[in-house]
Amino acid sequence: MVLRGAETRTHTEKGLQWQIGQKSGKFRKLVATWRSQAGKIECMLTENDNPSDVREARNSLQNVMTEISGVYNDLDALLAETNEQGSKYEKFEEIESEHYSLIKRVSKIFLRD
């Protein structure tokens, strides 16, 4: 964090652990939200739901993925202060890969219509 006059704020150990806990919790919650919404889209795809409903669900899923990315970056920056940077990367990469595959499948539906 940067303050006025180019001073930098350092975290206390307790404060850093609290922030990591908060960001980790938010990251887990967003991943659960993403999985729930992805499951709904999977159902929509198998049931051939209305494309406008699928589009709306896709946009919502994309917003969650954007939020996951931001929280991951914040969390990773905090973890860098504890030499644990990258410890959540595998989970982030897994979600990112699943997201890409699902969005690709959804896009094919829109290309057909």
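The values are calculated or read from the model by the stated rules, or taken from the named source; none is laboratory data. Just so you know, these numbers come straight off a predicted model, no measurement behind them. For neighbour counting, all protein chains shown are included, and Cβ atoms are generated from backbone atoms with ideal geometry for every residue, glycine included.
What number of residues within the stretch 74-99 are surrounded by 11 or more Cβ atoms within 10 Å (Cβ to Cβ), in a helix (DSSP H, G or I) and without any contact (Cβ under 8 Å) to a residue 12 or more places away in the chain?
Residues that pass the stated criteria total 4.
When you scan the stretch 36-73, how many residues do you find that are surrounded by fewer than 15 Cβ atoms within 10 Å (Cβ to Cβ) and outside any helix (DSSP H, G or I)?
So the count comes out to 3.
Can you find, within the stretch 8-28, the residue that is modelled with the highest pLDDT among those that are surrounded by fewer than 12 Cβ atoms within 10 Å (Cβ to Cβ), charged (D, E, K, R) and assigned to a helix (DSSP H, G or I)?
This residue is 14.
Out of (1) in a helix (DSSP H, G or I); (2) modelled with pLDDT under 90; (3) over 30 Å from residue 81 (Cα atoms), the odd one out for residue 5 is which?
Here residue 5 meets the rest and fails (3).
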